[in-house]
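J.: This structure is in structure tokens; I'll ask about it shortly.
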Amino acid sequence: MGAFSVSATGSVLLRGDAPPADPRISSALPVLSPRPAHAVKKRPKPKPKPVPARRAPAFKIHDVRPDAPPRSIALTIDDGPSREWTPKVLALLERHDVQATFCVIGQEVRRFPELLREIVAAGHQVANHTMHHPVSLARLPARRIEAEIRDAHRYIQDVGGTTPKLFRAPGGNWSPAVMKTAAKHGMLPIDWDIDPRDWARPGATRITRSLLRGKAGDILLCHDGGGDRSQTLNSLRKVIPRLKDRGLEFIAL
């Protein structure tokens, strides 16, 4: 046992012990109540500004961007983000200095939020492609259409910090109700000119042949989600440099 001494109050102290508080002193000290925690104010989400509803979606670049360069062409990538294929597509686009438009599905954004952030950080455009990708969107009740578009909109805003200005209906299935709802959320409906049907995996050769028909002002459709996209990726490795060699400039919508 270590050395000990007797305190002023008569109790025994071991060396290293703190002496007990003098009750005459402690009783005279004011009791401080804990400060209430300040509530963290959340920044309000920006409300979408409605735009006029269109009668038909945009098929050409200049329907979306009237000021686009005359030799521009647009690559759109649908149904992601995909853990396997989106990073590979992003790497390819970076290698060729290409800007694209990613039409993302809300439930995939929920699964892979970091991938949406990578898309945004790379400077690509992000479009709303519904929450669950219902191909029958145009035939759904108005409340279901609203939920599909609204919920995806919120996920993209919350995760990516960007507000979509473009909307693409799954399968290109449009209706007046779909057009009206997209406009209500401040989005322009977009479609495409060139569809290589890469989602059906017809072979990289057929995808390449179809995409190479693209010309100035066209919107190309490809996919990074929905399954094995190796054929799409192999095709884009050839298509992008060949279209650029023709003097075409890839732009985001």
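The values are calculated or read from the model by the stated rules, or taken from the named source; none is laboratory data. Everything quoted here is computed from the prediction, not taken from an experiment. Neighbour counts run over all protein chains shown; Cβ positions are idealised from the backbone, glycine included. Side chains are part of the model used for accessible areas, which takes the heavy atoms of the whole protein and leaves out ligands, DNA and RNA. Shrake-Rupley method; radii C 1.70, N 1.55, O 1.52, S 1.80 Å.
J.: Hey, with R₀ at 22 Å, roughly what FRET efficiency would T162 and K238 work out to, going by the Cβ-Cβ distance, to 0.05?
T.: Efficiency computed from Cβ-Cβ geometry: 0.10.
J.: Still on this model: Protein chains only, probe 1.4 Å: how do D224, D195 rank by accessible area, largest first?
T.: From most accessible down to least: D195, D224.
J.: Could you pull out every residue, at least 5 positions away or on a different chain, whose amide H is within less than 5 Å of the one on L188? Hs are placed 1.01 Å off N in the peptide plane, and Pro or chain starts have none.
T.: Under 5 Å from the amide H of L188: L166, F167.
J.: Among W199, W174, what's the order by accessible area (1.4 angstrom probe), most exposed first?
T.: Result of the area sort, largest leading: W199, W174.
J.: How large is the accessible surface of H124 in square angstrom, using a 1.4 angstrom probe and rounding to the nearest 10?
T.: The value for H124 is about 20 Å².
J.: So how much slack lies between D245 and Q107, counting 0.36 nm per residue of separation and subtracting their Cα-Cα distance, in nm?
T.: Taking 0.36 nm per residue and subtracting the Cα distance, the gain is 46.0 nm.
J.: Can I ask one more? Placing +1 at every Lys and Arg Cβ and -1 at every Asp and Glu Cβ, with all other atoms neutral, what dipole size does the range 121-217 have around its Cα centre, in debye to the nearest 20?
T.: Its charge dipole is roughly 220 debye.
J.: Could you list which residues have their amide H under 5 Å from that of D78, counting only those 5 or more apart in sequence or on another chain, with H placed in the peptide plane?
T.: For D78, the qualifying residues are C103, C222, H223, D224, G225.
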